[in-house]
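First comes the structure, then the notes that go with it.
Just so you know, all these numbers are worked out from the coordinates, no wet-lab data involved. The model shown is predicted, which means the values in this text are computed figures rather than measured ones. In this analysis, Cβ positions are derived from the backbone assuming ideal geometry, glycine residues included, and neighbour counts consider all displayed protein chains.
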Amino acid sequence: MKNTLHIHLEYEIKQNSKPRYKQIMNDIAETLPQYDAFNFHWEKAEDDSNRYIETFVVPTESHFHALKRLRMSRRHLLFGLLDECICGGLQEINLICLKTEY
């Protein structure tokens, strides 16, 4: 049986950061495949215009833990840029991982 991990991130961005946020997210969308993340989707939450949701899949728990550490790091050259856009910074990202077997 093979496992995959479905990652779900949710956070609120600052109203005045939308253009910068969108630029950073476009760069992140191009970069995630380098970390073996695939099926990336990024969208606004239906109930709140400042809340965004990201979803993607990684192949192993090791990938998840490594990517989680990078995504929550203010020191990362790309992912760390989101700290200035997210209300409360990177530590306010709600991150959920669901493991599936097939």
**Q.** Net charge dipole size for the chain [Lys, Arg +1 and Asp, Glu -1 on Cβ; Debye, nearest 20]
**A.** 300 debye
Q: Starting from the amide H of ALA45, placed 1.01 Å from N in the peptide plane, find each other amide H under 5 Å away whose residue is 5 or more places distant or on another chain.
A: ARG51, TYR52, ILE53
Q: Work out from phi, with θ = phi - 60° and the Karplus expression 6.51 cos²θ - 1.76 cosθ + 1.60, the ³J(HN,Hα) of each residue of region 63-77, listed in order in whole Hz, and give x for Gly and Pro.
A: 4, 4, 5, 5, 5, 4, 4, 5, 5, 9, 8, 6, 7, 5, 4
(Q) Just to confirm my numbers, what's the Cα centroid distance between region 63-90 and region 26-55 in Å? (A) 13 Å
Q: Mind listing the long-range amide H neighbours of GLY89? Cut-off is under 5 Å, sequence gap 5 or more, other chains count too, H placed in the peptide plane at 1.01 Å from N.
A: none
Q | Degrees between helix 18-31 axis and first principal axis of the chain (Cα, 0 to 90, nearest 10) | A | 20 degrees
(Q) With n ≥ 4 as the cut-off for DSSP H runs, can you work out [θ] at 222 nm for the chain, using -39500 (n - 2.57) per run divided by the number of residues, rounded to the nearest 500? (A) -7500 deg cm²/dmol
Q: Answer with a single label: of (1) 56, 15, 9; (2) 23, 15, 12; (3) 25, 14, 12, which was calculated as semi-axes √(5λ) of the Cα gyration tensor in Å from the structure in view?
A: (2)
